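Notes follow once the structure below has been shown.
The numbers here are math on the coordinates, done by the rules we state, and not lab data. This is a predicted model, so every value here is computed, not measured. Counting neighbours? That spans all protein chains shown, and the Cβs are built from the backbone with ideal geometry, glycine included.
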Amino acid sequence: MFSMFSLMVVWGVLTTILIILLIYRSTLTMREDDQLFLDEAESQMEQEQVELMRRVRKVNPLVRVFGGLSGLLIIVIAGLWIYQGLSAVQ
């Protein structure tokens with residue numbers, strides 16, 4: 001069985017990866033435009049926006065997975081901590 005320390009280390013690693021992904025996604029969306037009014041001469045900007053959105057769509061599932069895992073693991077850690085506290089009282 002995992003010790004409390006090892007669970008917290010795993011949670012810390014998952015949360016660090018999540019924070020890095022969130023920072024990366026925010027730097028991508030910082031350059032995103034809400035609307036583009038382009039003519040044929042500015043099609044390069046459209047290509048850049050399409051590529052940007054492709055990257056954001058690629059990162060979003062990872063953010064959801066790592067966010068869910070981090071949240072689930074912190075709930076497990078809290079439950080284990082409460083269980084150990086109640087077991088020590090008896």
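Annotation for S6 and E42: the two label points, set 7 Å from Cα along the Cα-Cβ direction, are 5.7 nm apart.
In the chain, which longest range has no chymotrypsin sites (Phe, Trp or Tyr not before Pro) that are both DSSP loop (not H, G, I, E or B) and surrounded by at most 12 other Cβ atoms within 10 Å?
38-90
In plain terms, the bigger the Kirkwood radius, the slower the diffusion; for the chain, with that radius from Cα pairs, at 20 °C and 1.002 mPa s, Stokes-Einstein puts D at 133 µm²/s.
Stretched out straight at 0.36 nm per residue, the stretch from I23 to V76 would grow longer than its current Cα-Cα span by 16.5 nm. Phi angles across the stretch 3-20 convert, under the Karplus curve 6.51 cos²θ - 1.76 cosθ + 1.60 with θ = phi - 60°, into 3J(HN,Hα) values of 7, 4, 4, 5, 5, 5, 5, 4, 4, x, 5, 4, 5, 5, 4, 4, 5, 4 Hz, Gly and Pro given as x.
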